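Encoded as structure tokens, the structure appears first; notes follow it.
The values are calculated or read from the model by the stated rules, or taken from the named source; none is laboratory data. Fair warning: this is a prediction, and the values are worked out from it, not measured in the lab. FYI the Cβ positions are ideal-geometry reconstructions off the backbone, even for glycines, and counts take in every protein chain you see. Areas reflect the complete protein model, heavy atoms only, side chains present, ligands, DNA and RNA absent. Shrake-Rupley method; radii C 1.70, N 1.55, O 1.52, S 1.80 Å.
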Amino acid sequence: QVQLVESGGGLVQAGGSLRLSCAASGGNFRSYTMAWFRQAPGKEREFVASSFRNSGHTYYSDSVKGRFTISKENAKNMVDLQMNSLQPEDTGIYSCAATARAILSSQARADAYDTWGRGTQVTVSA
């Protein structure tokens, strides 16, 4: 059973960059599909990005494509989210999620994931 801990959140000005990390312990990390979701105040949880198992295949929400990069570092049991050109609408609690199942066709669905971290706050000021 994998456990996930996010870090790297904070306050950044619009146009700036931030790098989030999610450390995993336990389980067979290379086989996991990893994802990042976010939730803004008063909003529903939103898919951000995912990395399929150990394939290197990545998938992004249209709202972050070209600005964010997900990196699954199998040797470190870690998945990072590099966020560039941040805007106030990117503000929210960012959570990482994991599943050992093959879910290539449903990577953007929150209910496809079995394990979640507690989340880390990202605030982007105008």
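At-a-glance table
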item: Anchor residue 43: lysines whose Cα lies under 25 Å away (excluding residues fewer than 8 positions away in-chain); result: 65
item: Among 63, 105, 17: highest mean-square fluctuation, GNM of the chain, C-alpha pairs under 10 Å; result: 105
item: Euclidean distance between Cα centres, segment 20-82 to segment 85-126, Å; result: 7 Å
item: Share of Cα-Cα pairs in the chain lying beyond 21 Å, as whole percent; result: 31 percent
item: Magnitude of the charge dipole, the chain, Cβ model with Lys/Arg +1 and Asp/Glu -1, debye to 20; result: 260 debye
item: Whole-Hz couplings from phi, Karplus 6.51/-1.76/1.60, listed for segment 65-81; x for Gly and Pro; result: 4, x, 10, 10, 9, 8, 10, 9, 9, 4, 5, 9, 6, 8, 10, 10, 10
item: Computed lengthening from residue 54 to residue 73, 0.36 nm per intervening residue step minus Cα-Cα distance; result: 5.9 nm
item: With every protein chain in place, segment 73-120: carbon and sulfur % of accessible area (1.4 Å); result: 47 percent
item: Accessible area per residue in Å² at 1.4 Å probe, computed on the chain; result: 51 Å²
